[in-house]
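Inspection log for the structure reproduced underneath, given as structure tokens.
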Amino acid sequence: MVTERRQFTALSRLLHWLMAPMVLSMLCIGVAMVVSVANYHRLVSIHRPLGISILFLVVIRYVNRRLNAPPPFPPTMSAQERRAATASEMMLYALLFALPVVGWGMLSAAGYPIVLYGSLHLPRSFRTA
Amino acid sequence: MSTDAKLGAEAQRAALSKIGTLARFAVIGAVLGVIIGSFAYIGGSLTGKDLRPVDFADEFERIAGVHSGFRRNHAKGVGVSGYFESNGAGARLSKAIVFQVGRVPVTGRFSLAGGQPYMADAANTIRGLGLKFSLPDGEQWRTAMNSIPVFMVNTPAAFYERLIASRPDPTTGKPDPTKMKAFLASHPETVRAMKIMSSHPPASGFANSTYSSLNAFFFVNMDGVSTPVRLQLVPLDAFEPAASTLPTKENKNYLFDALIVRLHRGPVQWHLILVVGQPGDPTNDATIPWPEGRERVDAGTLTLSDIESAETSVAQDINFDPLVLPAGIVPSDDPLLSARSAVYSQSFTRRAGETKEPSAEAGK
């Protein structure tokens, strides 16, 4: 008999606690940079590499999710709650992937160089004109 | 799942109801409240005092009207292309590849200050030259330079106040002179800057104008040494003062038409001069000129040869954000730089989502 996993794997937990502050910071920076004149450039300079790091980590996270299934739902959860939990997890993955890709796409469409740090750049995800 | 386990689960669920459930909802609600509250706070909807990039763009629209698809400032312009040939002299100040000996392609745009794409050219309107240097490693250097030696204001707030003061009065259609007077009374730095500007009368055209970065940057070389630098483009075409005659209806594009004629005759060139600041030279105040006699490094020659049609011009879609910089150039502490970046981005976002009106650029 296989004993059911009671806990998330160490890698899953590491990814979770690494990404949680990154995503929360990203949201705050995003809200702040569109209204800030004085700190716009400083915030954008953090926003871009942070977004790409999240994209990079979500790919690892997705692979890890497929390899290491999470522990089963607690028995106290109703079927409806389980569906809601599964759906929100899927939505979170979709958004964690889609938002950085949209940002990368916006910079590409506008023809901006996609600066990560110093002269380290990402290629344009597509070209217009 | 066994029946026992199911029963156990049911029992736990029952135990959670009443106070337990309420307490949990309260905690979840508090967390949500803190998150929504901090977003509202950061987004300024609770403080709401600081100027936002949209305020600047809105004010440009209030003054000049909304011209679909055009920049909110420097709306009238024409795209050009060419190259920058570096002589290597700038490499001791900056490690940026653009200053190593060699040639990089450049896309540019000549423009007139103001939000009206259909206005008549006038000698006293500030001329702009936006440039995008495309470096071989994918880096870019963008700059938006102007045909004035210093800028009128030294803070984003003063820029905004000056915009408000120049807003046309709804009854007369002209700015209220008392408002500008009041602005100048509280901004002696603007009065001083305007004096310097008036001692540099405009040249006869775009091609023989000197353009300045106005803001300072720090150039960082291979050894990590950082030097304050202001940029100037000094034309090879000889300076001729602008004619004092006012444009007529027939030649409302006379500056752009003259540029087209000049470019048909051959490429137009400028020396890219790096003005090297000394300790104590202000890097955060664009209204103050640096003392005479500062070292001027001629880093190479900018050659602009091809004028682009307004419809197909690549320059139309470029945001000449002065903070798109290659490694080796970093922003100074000038507060105008971040503001320009933020407001240009707002202008770019607005026009990118609009259908462009029929072209107003020269050559039409």
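The values are calculated or read from the model by the stated rules, or taken from the named source; none is laboratory data. Keep in mind that this is a model prediction, so the values were computed, not measured. Virtual Cβ from ideal backbone geometry, glycine too; neighbours counted across all protein chains shown.
The lone criterion from (1) modelled with pLDDT of 85 or more; (2) within 12 Å of chain A (Cβ to nearest Cβ) left unmet by residue B:10 is number (1).
Within the range B:252-267, residues that are of a type in the set (Lys, Arg) sit with their Cβ atoms under 6 Å from residues that are modelled with pLDDT under 95, at 6+ positions apart or across chains, in these pairs: B:252/B:120.
Out of all the residues in the range B:317-335, which are more than 16 Å from residue B:141 (Cα to Cα) and more than 10 Å from every other protein chain (Cβ to nearest Cβ)? Break it down into steps so the answer makes sense when it comes.
So in the range B:317-335, the residues more than 16 Å from residue B:141 (Cα to Cα) come out as B:333-335.
Scanning the range B:317-335 gives B:333, B:334.
Restricting B:307, B:288, B:273 to residues that are within 23 Å of the chain's Cα centre (by Cα), more than 30 Å from residue B:190 (Cα to Cα) and more than 14 Å from every other protein chain (Cβ to nearest Cβ) narrows the list to B:307.
Suppose the filter is buried (at least 17 other Cβ atoms within 10 Å of the Cβ) and part of a loop (DSSP other than H, G, I, E, B); does residue B:355 pass it? Spelling it out, it is not the case that residue B:355 is buried (at least 17 other Cβ atoms within 10 Å of the Cβ) and part of a loop (DSSP other than H, G, I, E, B). What do you reckon, is residue A:71 in a loop (DSSP other than H, G, I, E, B), touching a Phe, Trp or Tyr at 6+ places or on another chain (Cβ under 8 Å) and either at pLDDT below 90 or not aromatic (Phe, Trp, Tyr) (or both)? Yes: the conditions hold for residue A:71.
Out of everything in the range B:27-70 that is part of a loop (DSSP other than H, G, I, E, B) and away from chain A (no Cβ under 11 Å), what residue ends up being surrounded by the fewest Cβ atoms within 10 Å (Cβ to Cβ)? If we take residues in the range B:27-70 being part of a loop (DSSP other than H, G, I, E, B) and away from chain A (no Cβ under 11 Å), then B:49 is surrounded by the fewest Cβ atoms within 10 Å (Cβ to Cβ). Being over 30 Å from residue B:328 (Cα atoms) and crowded, with 19+ Cβ neighbours inside 10 Å is a property that holds for residue B:117.
The numbered conditions (1) part of a helix (DSSP H, G or I); (2) modelled with pLDDT of 95 or more are all true for residue B:82 except (1). Return the residue satisfying two criteria in turn: it lies in the range A:1-37 and is within 14 Å of chain B (Cβ to nearest Cβ), part of a loop (DSSP other than H, G, I, E, B) and surrounded by fewer than 16 Cβ atoms within 10 Å (Cβ to Cβ), and of such residues it is modelled with the lowest pLDDT. So, considering only residues that are within 14 Å of chain B (Cβ to nearest Cβ), part of a loop (DSSP other than H, G, I, E, B) and surrounded by fewer than 16 Cβ atoms within 10 Å (Cβ to Cβ), the one modelled with the lowest pLDDT is A:1.
Residues checked against (1) of a type in the set (Gly, Ala, Ser); (2) over 25 Å from residue B:92 (Cα atoms):
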| site | (1), (2) |
| --- | --- |
| B:257 | no, yes |
| B:266 | yes, yes |
| B:269 | no, no |
| B:276 | no, no |
| B:281 | no, no |
| B:306 | no, yes |
| B:309 | yes, yes |
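The one condition from (1) more than 27 Å from residue B:66 (Cα to Cα); (2) in a loop (DSSP other than H, G, I, E, B) that residue B:196 does not meet is (2).
Quick one: would you say residue A:78 is within 11 Å of another protein chain (Cβ to nearest Cβ), of a type in the set (Ser, Thr, Tyr) and more than 27 Å from residue A:33 (Cβ to Cβ)? Please lay out each step first, then the result.
Numbers: within 11 Å of another protein chain (Cβ to nearest Cβ): yes; of a type in the set (Ser, Thr, Tyr): yes; more than 27 Å from residue A:33 (Cβ to Cβ): yes.
Taking the combined requirement at face value, the residue satisfies it.
Of all residues in the range B:296-318, those satisfying the criterion of being modelled with pLDDT under 95 and surrounded by 18 or more Cβ atoms within 10 Å (Cβ to Cβ) are B:307, B:308, B:310, B:313, B:315, B:316, B:318.
The residue of the range A:65-87 that is farthest from the chain's Cα centre (by Cα), among those that are of a type in the set (A, V, I, L, M) and under 19 Å from residue A:6 (Cβ atoms), is A:77. When residues in the range A:104-129 are screened for being facing another protein chain (nearest Cβ under 7 Å) and either outside any loop (DSSP other than H, G, I, E, B) or at pLDDT 80 or above (or both), 5 of them pass. Just one of the numbered conditions (1) within 30 Å of residue B:253 (Cα to Cα); (2) more than 9 Å from chain A (Cβ to nearest Cβ); (3) surrounded by fewer than 22 Cβ atoms within 10 Å (Cβ to Cβ); (4) modelled with pLDDT of 90 or more is not true of residue B:293: (1). Every listed requirement among (1) within 11 Å of another protein chain (Cβ to nearest Cβ); (2) surrounded by 15 or more Cβ atoms within 10 Å (Cβ to Cβ); (3) of a type outside the set (Val, Ile, Thr); (4) in contact (Cβ under 8 Å) with a residue 40 or more places away in the chain is met by residue A:72 save one, (2). For first residues located in the range B:81-95 and farther than 12 Å from residue B:222 by Cβ, partners that are of a type in the set (Ser, Thr, Tyr) and surrounded by fewer than 22 Cβ atoms within 10 Å (Cβ to Cβ) and lie 6+ apart or on another chain with Cβ distances below 7 Å form the pairs B:82/B:303; B:82/B:305; B:83/B:303; B:85/B:301; B:85/B:303. Looking across the range A:42-61, the residues that are of a type outside the set (S, T, N, Q) and either closer than 15 Å to residue A:117 by Cβ or in a loop (DSSP other than H, G, I, E, B) (or both) come down to A:42, A:44, A:46, A:47, A:48, A:49, A:50, A:51, A:52, A:56. For the range A:38-56, taking the residues that are buried (at least 20 other Cβ atoms within 10 Å of the Cβ) and within 7 Å of another protein chain (Cβ to nearest Cβ), the one that is nearest to residue B:42 (Cα to Cα) is identified as A:40.
Condition first: β-branched (Val, Ile, Thr) and exposed (fewer than 13 other Cβ atoms within 10 Å of the Cβ). Now tell me which residues in the range A:75-98 satisfy that. Across the range A:75-98, the qualifying residue is only A:86.
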